[in-house]
Structures are given as structure tokens and as C-alpha cells.
Amino acid sequence: MGINIHPTAEVQTDKIGDGTFIWQYCIVLNGAKIGSNCNINFNVFIENDVIIGNNVTIKSGVQIWDGIMIEDNVFIGPNVTFTNDKYPKSKQYPLQFAKTIIREGASIGAGSTILCGLCIGKNSMIGAGSVVTKNIADNELWYGNPAKFIKKI
């Protein structure tokens, strides 16, 4: 099966699983770990301290910053925004970036914002355009600004 990396992508890591596709104009830094059978769409940036599981889809325009872990079978919609610093200041970096975990089977809708230091539970769903400010339990649907619990799924 192999790994498919588009010629316009800059991929510095060799820690990529079999069957993964990395599309046009992506940048993947040296420390990143990407599992098997992933689909990293056009114009995605992945920093160093990032772990991405197997069978993950990351749609266009997403940046995955240091401290973010994405487990298996996760869907990240287009232009989802992650953060990794609660109090960002120019040229002032924390000793360690906040850890954010997206658990197995979760789906995050297009244009959502996920604040740092949170956990999105297994098989949960975040509706498009949501701003997630709290941990999300397993098997829950949340959406809105700020995102609110809607129902168990």
C-alpha cells in the first residue's frame, strides 16, 4: 500500500503509517507521529509534539499544534481551529503546551474551535461552527457558541 505524499507537501517526519495520504501544501514537522490509513487533506500543518492515530481524516485548513493527541478513527472537519496556550503572548512561550486529547471515533464539525487542555470523548460529535470550552464526555453531541450538550448519541 505504501505512503502517498504529494510533491508540494513538506514532510519532515518518517513516523507515518502505511496507507496514509498527505495532500498538497501540507507541512508536517519532524517530531509528529501519524498512524496508518490516515487522510491529511490540502493545506494542513502538523507540529512536532503531535500524535495522530490510525484511520484519521483531517480536512483542509487545519493546524494541529504541539500537545494535541488524536486517537483512532477521528474526523476533523475543514478549518477546525485548535489552541495550545491558554494565555498566548508574542515571543513568550510556556514551559509546556497544554495537552488536548481527541478520543477514538470523535467527529468535529467544520469551523469549530477547540480550546486547549480539553478532552473530546469517544464517539462524541461537535457540530459545525461550535466553540468548545469544556471537556466532552463519551457519546455526546454538543454544538453552539459556546458549545452546549444536546443529547447522548
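Descriptive notes on the structure:
- Reachable aspartates and glutamates, given that their alpha-carbon falls under 16 Å from the alpha-carbon of LYS134 and they are not under 8 places away in the same chain: ASP85
- Backbone amide hydrogens, once placed in the peptide plane, bring ALA9 within less than 5 Å of TYR25, CYS26, excluding anything fewer than 5 places away on its chain.
- Entry note, the chain: relative contact order of 13 percent, from Cα contacts under 8 Å with a spacing of 6+ residues.
- Computed extension gain for ASP18 through GLN96, at 0.36 nm per residue and net of the alpha carbon distance, reaches 25.0 nm.
- Stretch gain in nm, segment ASN48-LYS148, where the contour uses 0.36 nm per residue and the Cα spacing is subtracted: 32.9 nm
- Rg over Rh [alpha-carbon atoms, Kirkwood Rh] for the range 46-119: 0.96
- With N the number of residues in the chain, Rg(Cα) / (2.2 N^0.38 Å) evaluates to 1.00.
- Extending 7 Å from the Cα toward the beta-carbon at both LYS89 and ILE3 defines two label points whose distance is 3.8 nm.
- Neighbour count of at most 14 Cβ within 10 Å plus DSSP loop: longest trypsin sites (Lys or Arg not before Pro)-free window in the chain: 16-85
- Cα Rg, Dmax, the range 88-153, angstrom units: 12.8, 42
- Checking the cross-link pairs LYS91/LYS151; LYS15/LYS151; LYS59/LYS86; LYS59/LYS151 against a 30 Å limit on the alpha carbon distance flags LYS91/LYS151; LYS15/LYS151 as lying beyond it.
- Three-way shape call for the range 1-69 based on the alpha-carbon gyration tensor, with the a/c threshold at 1.5: rounded
- Note, ³J(HN,Hα) from phi for the range 60-68, Karplus 6.51, -1.76, 1.60, rounded to Hz, x at Gly and Pro: 4, x, 9, 10, 10, 8, 3, x, 9
- Site pair ASN139 and ASN30 shows an inter-label distance of 4.5 nm when each label is modelled 7 Å from Cα along Cα→Cβ.
Readers should treat all values here as calculations from the given coordinates under stated rules, not as data from a laboratory. Computed from a predicted structure; not experimentally measured. Glycine also receives a Cβ, built like all others from the backbone with ideal geometry; neighbour counts cover every protein chain displayed.
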